[in-house]
């Protein structure tokens, strides 16, 4: 049996084969979507640049050299230099690490919380559902950016607090999705069969329900990434996120604000990085949604 | 409310309306209470020492104790929350540390500036976004469609504050088409007595056309940038609604009958999506009020967003929470209102 046959068979012999087959089918659907491929390239590029930042960046992101401050973009400094003579390209490259760290941390905190709240809410129903969804709705009906601002104001500025504040504002959307998915699975026969076999509620939720919620969750998290990056950059711009001299893109734009009318490159360059990465996640998320969710396909 | 008490004695429809209204009031009240709980939580529970955040770290021990008692922090949390809700309902949001005035009157003074900008923004967003979405859907897959789709996605990927800075550098410093930061040129500051607080309206009413022109050239850029973000979302949603409609059988029937294509698109397919669009526009409007925080910071626009960020830097928690509360309330109110409009206008939800 060739690899292609093994991947596309209707009767997978093992769980591993079934998973590989689904991944293969999704990848093939994604490959047919040019925008999604652009997204994959951008996101992979972000990860690679972040991983190899020390080798890719021509200079140190914090080394100052006042003799060459505010130089325009040139062959030597592709993105110019900032007010302390630091090479902006190097800072943008090192900034990928901060951006990647923020989105990863937010996803790792918010997605599981939302997943568990939603699954518990949908599985048990009744007053637990009403209580948890009431809470979720209150958070959902709140403006996210303002809420994050207020939380950071109370917690104090800093990158960790920015992550916490953004995570607090993102989990409710995931809870809603997980609940909707759980409601469609809850009364399925395989769940009833597992229950008859004596499985506990905990086991049913953890082993049988949560894994089925993950694909729509992955789509939603990817689509949200752009918003998370923008919020983090906004907090950095207001001076509430990453603190100097960290090369966070939003904070860099904020430093360049004073010179934007004459030395436009200081504020503009990090913005292009933000746009590129956010667009990449948008494209990838759109493609994933079309590939994983046949209902939403347009 | 009487309808919910004696449903059997009244026509069924009235009873249903009453029950719906009661449920609506209940849910709305619960949401506002939730908002209050969150701002209370942020103000009193999250900071390690809320007293210190009010008096500052150079206060003496006596000042500290006095502030602690004045804030009622020696009482149980539940009592504190109840008195907080009472204060807010009476319109008392505390005193701002930086302006030394009640937060409520500060907010009342700055809110019209934000409202003015967001309103012009939503007008731009609707006027351009709806036709763009319709055209994109009518020519699905063409280069027009692709361009509009990518433009709409940029709206999700461009930082508002960055676009503001670039806009200032380009249209103000570079081309000189618009005026710079602020709401009106400094010569005209205070020329027009505030009546509605909306400078465009006030200056027009007073017949001060120089002020009006100056105000227009100041508001154009920030409002257009806000409008772009509104446009992105509205165009995306319009396109998706239209595609749903254009795939329906009645559209095919109309085409088979020989109805001209523009009529099929703009009358047959566009008709049914007007109601869901109202919800989308409502949500966008609320989103623009929120998005104005960043824009106002960049343009030094004297609105609620600028007030909020200034308060953030001065660690003025009363002002921060007051502004959060007001923006949150407006957000919730618009949300609920578009929900009601949807139900009132959609004949299916009445059946």
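The values are calculated or read from the model by the stated rules, or taken from the named source; none is laboratory data. Note that the structure is predicted; figures quoted are calculated from it, not measured. Cβ coordinates were reconstructed from backbone atoms using ideal geometry, including for glycine residues, and neighbour counts include every protein chain displayed.
When you scan the stretch A:130-147, how many residues do you find that are buried (at least 18 other Cβ atoms within 10 Å of the Cβ) and part of a helix (DSSP H, G or I)? Matching residues across the stretch A:130-147 total 9.
Yes/no per residue for (1) closer than 30 Å to residue B:243 by Cβ; (2) surrounded by fewer than 24 Cβ atoms within 10 Å (Cβ to Cβ); (3) in contact with a strand residue (DSSP E or B) (Cβ under 8 Å, 6 or more places away or on another chain):
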site: A:227; (1), (2), (3): yes, yes, no
site: A:240; (1), (2), (3): no, no, no
site: A:251; (1), (2), (3): no, no, no
site: A:255; (1), (2), (3): no, yes, no
site: A:287; (1), (2), (3): yes, no, no
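Out of all the residues in the stretch A:72-90, which are more than 14 Å from residue A:246 (Cβ to Cβ) and surrounded by fewer than 18 Cβ atoms within 10 Å (Cβ to Cβ)?
Let us first name the residues in the stretch A:72-90 that are more than 14 Å from residue A:246 (Cβ to Cβ), namely A:72-81, A:83, A:85, A:87-89.
Within the stretch A:72-90, A:72, A:73, A:74, A:75, A:76, A:78, A:83, A:85 qualify.
The residue that is surrounded by the most Cβ atoms within 10 Å (Cβ to Cβ), counting only those in the stretch B:267-285 that are free of Cβ contacts under 8 Å to residues at least 60 places away in the same chain and more than 18 Å from residue B:251 (Cα to Cα), is B:280. Total residues in the stretch B:113-137 satisfying the condition of being surrounded by 20 or more Cβ atoms within 10 Å (Cβ to Cβ) and either at pLDDT below 90 or under 18 Å from residue B:305 (Cα atoms) (or both): the figure is 8. Put simply, of B:263, B:343, B:336 the only residue that is surrounded by fewer than 20 Cβ atoms within 10 Å (Cβ to Cβ), within 9 Å of chain A (Cβ to nearest Cβ) and not in a loop (DSSP other than H, G, I, E, B) is B:336. Might you check whether a residue that is assigned to a helix (DSSP H, G or I) and surrounded by fewer than 19 Cβ atoms within 10 Å (Cβ to Cβ) occurs anywhere in the stretch B:94-101? Among the residues of the stretch B:94-101, not one is assigned to a helix (DSSP H, G or I) and surrounded by fewer than 19 Cβ atoms within 10 Å (Cβ to Cβ), which makes the answer no.
Checked against (1) within 14 Å of another protein chain (Cβ to nearest Cβ); (2) on the phi > 0 side of the Ramachandran plot, residue A:198 meets all criteria but (1). All of A:177, A:88, A:159 fail the test of being away from chain B (no Cβ under 14 Å) and under 23 Å from residue B:291 (Cα atoms), apart from A:159.
Quickly run through the stretch B:138-159 and pick out the residues that are at the interface with another protein chain (Cβ under 8 Å from one of its Cβ atoms) and buried (at least 18 other Cβ atoms within 10 Å of the Cβ).
Taking the stretch B:138-159 and keeping what is at the interface with another protein chain (Cβ under 8 Å from one of its Cβ atoms), we get B:153-154, B:156-159.
Of everything in the stretch B:138-159, those that are at the interface with another protein chain (Cβ under 8 Å from one of its Cβ atoms) and buried (at least 18 other Cβ atoms within 10 Å of the Cβ) turn out to be B:153, B:156, B:157, B:158, B:159.
Checking residue B:19 against (1) in a helix (DSSP H, G or I); (2) touching a helix residue (DSSP H, G or I) at 6+ places or on another chain (Cβ under 7 Å); (3) at pLDDT 80 or above, which single condition isn't satisfied? Unmet for residue B:19, out of (1) in a helix (DSSP H, G or I); (2) touching a helix residue (DSSP H, G or I) at 6+ places or on another chain (Cβ under 7 Å); (3) at pLDDT 80 or above: (3). Taken over the stretch B:311-333, the criterion of being over 17 Å from the mean Cα position of the chain (by Cα) and either more than 11 Å from chain A (Cβ to nearest Cβ) or surrounded by fewer than 19 Cβ atoms within 10 Å (Cβ to Cβ) (or both) is satisfied by B:313, B:314, B:315, B:318.
Got a sec? Which of B:214, B:203, B:300 is more than 29 Å from residue B:338 (Cβ to Cβ), within 21 Å of the chain's Cα centre (by Cα) and either within 12 Å of chain A (Cβ to nearest Cβ) or modelled with pLDDT under 85 (or both)? Reasoning before the result, please.
On the way: B:214 fails: within 21 Å of the chain's Cα centre (by Cα); B:203 fails: within 21 Å of the chain's Cα centre (by Cα).
Only one candidate qualifies: B:300.
Under 9 Å between Cβ atoms, which residue pairs at least 6 apart in sequence (or on different chains) link something in the stretch A:285-298 that is within 14 Å of chain B (Cβ to nearest Cβ) with a partner that is at pLDDT below 75? Final answer for the pair search is A:289/A:296; A:289/A:297; A:290/A:296; A:290/A:297; A:290/A:298.
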